[in-house]
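Written below as structure tokens is the structure these notes are about.
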Amino acid sequence: MQLHLSSWPEIGKYLETSKAILIPIGSTEQHGPNGLLGTDALCPEIIGKRAGDEAGILVAPTFNVGQAQHHMAFAGTISLRPSTMIAAMFDWAQSLNRHGFEKLYWLNGHGGNIATINAAFSEIYHGISFAPAGSNRPPLRCMLRNWWELPGVSDVCRQLFPVGEGSHATPSEVSVTYFGYPEAQKKVEMSPKIAPTGPIYDAEDYRKRFPDGRIGSDPSQASVEAGEKIVAAAVRAVIAEFRQFAAS
Ligand code: NI
């Protein structure tokens with residue numbers, strides 16, 4: 001069940017049975033020569049939507065632009081400042097909480113978002129604690145889950161790609177997007193086959209160290225079939241964890 005494809009009476013009815021919602025959150029940033037700019041937003045969206053369809057979980061619109069500053073030297077990347085992202089997440093949470101949602105499960109697709117998401121949670125909880133006494137705010141809990149850390153998922157990725165998984169523009173994440181959007185697949189020869197690794201500083205330095213955008217990976221291994229296996233494992237884990245969180 002997707003919020004943006006529902007009517008308000010349908011959401012009202014959902015709230016009679018559950019106060020929990022899944023919010024895919026990611027980034028719009030370069031993902032190497034064959035990876036989609038939307039990869040980090042599409043992965044949690046694809047996994048979240050399937051979990052929603054299978055288990056009746058309500059899925060929010062995707063928060064699809066995040067912390068992508070170090071990718072800004074590549075065309076198409078869009079980034080929010082941390083302060084902007086915190087403010088936007090705060091308003092999303094306040095809006096949902098206003099309607100009675102008390103459990104916000106943020107399914108994240110981008111490692112660079114983690115620090116800011118946790119800062120936003122702190123801002124959201126301050127919003128509740130600083131509310132005037134007697135304002136009768138409903139309780140609110142936020143949970144962050146990075147999809148690649150869902151139980152069982154990294155085992156599947158390791159089996160599929162024992163070599164060249166790397167840490168950015170990985171064959172695993174590219175496979176998930178190819179499974180979701182097979183028509184968007186791109187065939188590109190990687191040179192070098194496996195990308196260099198190293199530290200991340202600012203955007204210009206990043207482009208010098210990692211000229212085609214990849215870090216440590218060979219995403220030419222990506223396939224629809226691999227994506228299907230990864231998504232299946234992730235969906236199973238999301239459903240179990242979401243149910244536990246909703247009932248907590
Ligand atoms: Ni990514």
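The values are calculated or read from the model by the stated rules, or taken from the named source; none is laboratory data. Bear in mind the structure is a predicted one, so any value in this text is a computation, not a measurement. Note: ideal-geometry Cβ built from the backbone for every residue, glycine included; neighbour counts use all protein chains shown. Please note that ligands, DNA and RNA were not included when accessible areas were found on the heavy atoms of the full protein model with its side chains. Shrake-Rupley method; radii C 1.70, N 1.55, O 1.52, S 1.80 Å.
What ranking of ASP91, ASP212 comes out by heavy-atom accessible area, probe 1.4 Å, highest first?
ASP91, ASP212
Ranked from the most accessible area to the least, with a 1.4 Å probe and all protein chains present, what is the order of HIS110, HIS70?
On the way: HIS110 10, HIS70 35 Å².
Result, largest first: HIS70, HIS110.
To the nearest 10 degrees, how steeply does helix 171-180 sit against the main Cα axis of the chain, on a 0 to 90 scale?
The two axes meet at around 60 degrees.
What net charge is computed for the residues neighbouring TYR206, neighbours being all others with C-beta under 12 Å from the C-beta of TYR206, Lys and Arg scored +1, Asp and Glu -1?
Within the 12 Å Cβ shell, the charges total -1.
Determine which lysines satisfy two conditions relative to LYS229: a Cα distance under 28 Å, and not lying fewer than 8 residues away in the same chain.
Counting by Cα, and skipping residues close in sequence, LYS229 has these lysines nearby: LYS49, LYS186, LYS187, LYS193.
Please label the shape of region 52-130 as rounded, prolate or oblate, based on the square roots a ≥ b ≥ c of the eigenvalues of the alpha-carbon gyration tensor (a/c under 1.5 means rounded; beyond that, a/b larger than b/c means prolate, else oblate).
oblate
Of all DSSP beta bridges located in the chain, what percent are antiparallel, nearest 5?
15
Output the relative contact order of region 3-247, whole-number percent, from Cα pairs under 8 angstrom with separation of 6+ residues.
RCO, region 3-247: 25 percent.
In what sequence, largest accessible area first, do TYR178, TYR125 appear using a 1.4 Å probe? Don't skip to the answer; put the middle values down first.
Values: TYR178 5, TYR125 80 Å².
Order by accessible area, largest first: TYR125, TYR178.
Kindly express, to the nearest 10 degrees and within the range 0 to 90, the angle between helix 82-99's C-alpha long axis and the longest C-alpha principal axis of the chain.
40
Per DSSP helix of 4 or more residues, -39500 (n - 2.57); summed, then divided by the residues of the chain. What does that give at 222 nm, rounded to the nearest 500?
Rounded to the nearest 500, it is -14000 deg cm²/dmol.
Sort region 115-248 into rounded, prolate or oblate with this rule: let a ≥ b ≥ c be the square roots of the eigenvalues of the Cα gyration tensor; rounded if a/c is under 1.5, and if a/c is not under 1.5, prolate when a/b is larger than b/c, oblate otherwise.
Oblate is the answer for region 115-248, as a/c is 1.5 or above yet b/c matches or exceeds a/b.
Running a GNM on the chain with Cα contacts under 10 Å, which residue among GLU29, GLU225, GLU183 ends up with the highest mean-square fluctuation?
The residue that fluctuates most here is GLU183.
If you fit an axis through the alpha-carbon atoms of helix 39-55 and take the longest principal axis of the Cα set of the chain, what angle between them do you get, 0 to 90°, nearest 10?
50
In sequence order, what are the phi-derived ³J(HN,Hα) couplings for region 140-155 according to the Karplus relation 6.51 cos²θ - 1.76 cosθ + 1.60 with θ = phi - 60°, rounded to whole Hz, with x for glycine and proline?
8, 10, 10, 10, 10, 9, 7, 4, 6, 9, 4, x, x, 6, 5, 5
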